[in-house]
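All of the numbers you see were taken from the coordinates with simple rules; none came from a lab. What you are looking at is a predicted structure, and each value in this text was computed from that prediction instead of being measured. No Cβ is skipped: glycine too gets one built from the backbone with ideal geometry, and neighbour counts run over all protein chains shown.
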Amino acid sequence: MTRKIEQGRLIVASHNQGKVVEIGDLLRDFKVEPVSAGALGLPEPDETEDSFIGNAQLKALAAARAANLPALADDSGLCVVALNNDPGIYSARWAEKPDGTRDFYFAMEQVEAALAKMTAPTREAFFVCALCLAWPDGHCETFEGRVDGTLVWPPRGDKGFGYDPVFLPAKGNLTFGEMEPEDKHAMSHRADAFAQLVAACFE
């Protein structure tokens, strides 16, 4: 049976501030108090699973058990069709520079460089977002959303995060990096997964 979330504190199991803000915006209309794993000093587990759902579940369970509260985790990434759906679950790793810092402009350059080595590659791409809502007793509810589009170059806009400036959704003429947050929330992969979560788990 699907478990409902009750009002109270809900851990957002992420240290990515852009993601925390976006999830907080999506939770605004519900009787929960989102607090990030980063704000509580909870450790980030290594993402060792081979799917978005698997990594979201790993992160949600780790946070729920550490804080003894329900936790919501997101695992998301950009999948480029011509690159066999890479970077995919390794989207954040593509942003890791040799000096250990994380830079998503660097990641976008890596994607573009990989496409440039190909002859007339398709620029089709899609974002995937997996959400897992977990409880300290180990119960989990999982959902997956997707939005399709194409890649542009050079990057456009500075309103999003991650790969948003190079992603042009199929239904629009602005990249996610150019869109106002409320417009992105209306169509994004995260909004798709979140709508499924709300329908199943929120009163």
Averaging 1/r across every pair of distinct alpha carbons in the chain and inverting yields a Kirkwood hydrodynamic radius, in angstrom, of 17.3 Å
For segment 80-186, compute Rg over Rh where Rg is the Cα radius of gyration and Rh is the Kirkwood radius from the inverse mean 1/r over Cα pairs.
1.01
Quick one: which of K117/K159; K159/K184; K97/K184; K19/K159; K19/K184 span more than 19 angstrom between C-alpha atoms?
K117/K159; K97/K184
Dipole axis of the chain (+1 Lys, Arg; -1 Asp, Glu on Cβ), positive-most option in V81, L133, A13
L133
So, relative contact order of the chain in percent, Cα under 8 Å, 6 or more apart, is 20 percent
Determine, for each peptide in 187-196, 151-160, the mean count of other beta carbons within 10 angstrom over its residues, then list the peptides with the highest first.
187-196, 151-160
How much length would be gained if the chain were fully extended between D183 and H139, taking 0.36 nm per residue of separation minus their Cα-Cα distance, in nm to one decimal?
12.6 nm
Cβ under 13 Å from A130's Cβ, A130 left aside: what net charge do those residues give with Lys, Arg +1 and Asp, Glu -1?
-4
Just check segment 1-62 against the gyration tensor rule for me: Cα atoms, a ≥ b ≥ c as the square roots of the eigenvalues, rounded for a/c under 1.5, and otherwise prolate or oblate depending on whether a/b exceeds b/c.
oblate
First measure r as the distance between the Cβ atoms of N173 and T122, then evaluate 1/(1 + (r/R0)^6) with R0 = 25 Å and state the FRET efficiency to the nearest 0.05.
0.80
Label model pair D99, L83: point-to-point distance (7 angstrom along the Cα→beta-carbon line) in nm is 2.2 nm
Dipole magnitude (debye, nearest 20) for the chain, charges at Cβ of Lys, Arg, Asp, Glu
100 debye
Neighbourhood charge, 11 Å Cβ-Cβ cut-off, centred on P45 and excluding it, Lys, Arg +1 and Asp, Glu -1:
-2
How far apart, in nanometres, would the label points at R3 and Y90 be if each is projected 7 angstrom from Cα along the Cα-to-Cβ direction?
3.4 nm
Give me the net charge of P181's neighbourhood, meaning all other residues with Cβ under 12 Å from the Cβ of P181; Lys, Arg count +1, Asp, Glu -1.
-3
Using 20 Å as the cut-off for backbone N distance, which residues of segment 177-199 belong to the label zone defined by a point 7 Å from the Cα of K159 along Cα→Cβ?
177-192
Going by Cα centres, segment 37-107 and segment 140-190 are how many Å apart?
18 Å
Contact order relative to length of segment 1-111, as percent, for alpha carbon pairs under 8 angstrom and 6 or more apart:
21 percent
Considering just Cα atoms, how many Å³ per residue does the convex hull of segment 29-96 enclose?
119 Å³
